[in-house]
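Shown next, in structure tokens, is the structure this report addresses.
The values are calculated or read from the model by the stated rules, or taken from the named source; none is laboratory data. For clarity, every value in this text was computed on a predicted model and none was experimentally measured. Here the Cβ positions follow ideal geometry from the backbone for every residue, glycine too, while neighbour counts run over all protein chains shown. These accessible areas exclude ligands, DNA and RNA; they are computed on the full protein's heavy atoms, side chains included. Shrake-Rupley method; radii C 1.70, N 1.55, O 1.52, S 1.80 Å.
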Amino acid sequence: MPQINTHIDESMLDGFTRLVTQEAIEGKTMLLNMGPQHPSTHGVLRLLLELDGEFVVNVIPDIGFLHTGVEKHMEYKTFEKAVVMTDRLDYLNNIGNNLVYCLAVEKLVDLDVPPRAQAIRVILTELQRIASHLVWLGTHALDLAAMSVFLYCFREREMILDIMEMCSGQRMMTSYFRPGGLWRDVPVEFEDAVRQFLRIFPARIDEYEALLTKNPLFIERTKHIGVLSAEDAMKWGVTGPSLRASGIAHDLRKVRPYSGYEQYDFDIPTHTDGDTYARYLVRMEEMRQSVRIVQQALDKLPYGPTRSNNRKFVPPPRSELGHSMEAVIHHFKLFTEGFPAPKGAVYVAVESPRGELGVYLEGDGGPKPYRIHWRTPSFANLQVLKLLAKGHLVADLVALIGTIDIVLGDVDR
């Protein structure tokens, strides 16, 4: 009969006791597990709750259940092949992950991107932001028992996923952006599909707001719940809509424009209340601003190539492979050996639907990254959950997890 190991690691218990209050150790408050498998945690997240009756005293996030080692995996691939790994981080912002990684590679090797590719990158990134906010809105409302909003949001999100599939062949894991531009140009149906979405979507936002914004039950569950001050938001490194709902108008698309964002006219929605309701209002207005950006980018979408012609880093066009042996050899070498990047390090950040998404990329003269590290917004934003939840009912935790809009693939990496 196998022996059962009953040994308890005392060092782990010591670490655990430092995280909870003395009242919990003395049994005056209750410790309760929420997750890692729980519908409202939106992924595999375990929260250790310390409760005084039904009121939250402390929240201790326990992460790592979705850890994939993606950074180390990328360091074993060539710069071009590592693009496919970026889709797996924040799986609601695949295009945005592609974008920031490609920008980092382009900065490291000094690679140009044609204007048409930049405009298409902006269009798809903003559509992805809307799709991500729709998943947030639908699931957040569903957590608070508003079923219809969930169905409506996924109806519109489906239109965006169809556009992604039209361009890349994939609904989610697109790997569509590549260093130097795009995998290929968009199909001829692209413009009509995007314009059709732009025609119907503003009225659909009004429809969501008609269901929620003045709904007394929704207001009761979100107003004055989980207030985050601007000082605390800055102190904890919070970014994105959660920061802007605390009154700070910080958006990397305005502060440090990339991919031509400086040529588009759009506003940064902010609010000063810092509560769950304010974060809802900010994200709703952000969807309207994304529509404005997509409309402008589509109206002045230039003609031309969609990938750099710098053959040192970009493979030759497929049309040359049928009649040029040099092109075939060049294509083969780029995909088997990769291209070398100079010694040096860069950091590039973009504004993802959840906040600042950054990549630290270091080259050592070889064809693979020497070091990659991701600064993901969900990891920083999750830290403030204990501030938001303290003193609220345990039932409010469902709304609070939804309001910070974390993705566990973005947290664990």
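Here are the numbers for the structure shown:
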| read-out | value |
| --- | --- |
| For the stretch 337-380 and the stretch 252-269, distance of Cα centres in Å | 21 |
| Computed [θ] at 222 nm, helices only, for the chain once each DSSP H run of length n ≥ 4 contributes -39500 (n - 2.57) | -14500 deg cm²/dmol |
| Accessible area (Å², per residue) of the chain, counting only protein heavy atoms and a probe of 1.4 Å | 45 |
| Reachable aspartates and glutamates from Lys235, criterion Cα separation under 18 angstrom, eight or more residues apart if same chain | Asp251, Asp273, Asp275, Glu356 |
| Semi-axes of the equivalent ellipsoid for the chain, Cα gyration tensor, largest first, Å | 40, 28, 18 |
| Size of electric dipole in the chain: Cβ of Lys, Arg +1 and of Asp, Glu -1, about Cα centre, debye, nearest 20 | 1020 |
| Span-like helix ranges in the chain, DSSP H, alpha carbon extent 24 angstrom or more, Kyte mean at least 0.5 | 147-168 |
| Residues of type aspartates and glutamates that Lys107 reaches as a straight line, Cα spacing below 12 Å, ignoring anything fewer than 8 places off in the same chain | Glu362 |
| Virtual spin-label span in nm between Asp192 and Asp232, 7 Å along Cα→Cβ | 5.2 |
| Max mean-square fluctuation residue, GNM over the chain, Cα-Cα springs under 10 Å, options Val348, Val188, Val56 | Val188 |
| Carbon + sulfur, % of accessible area of the stretch 276-413 - ligands and nucleic acids excluded, 1.4 Å | 58 |
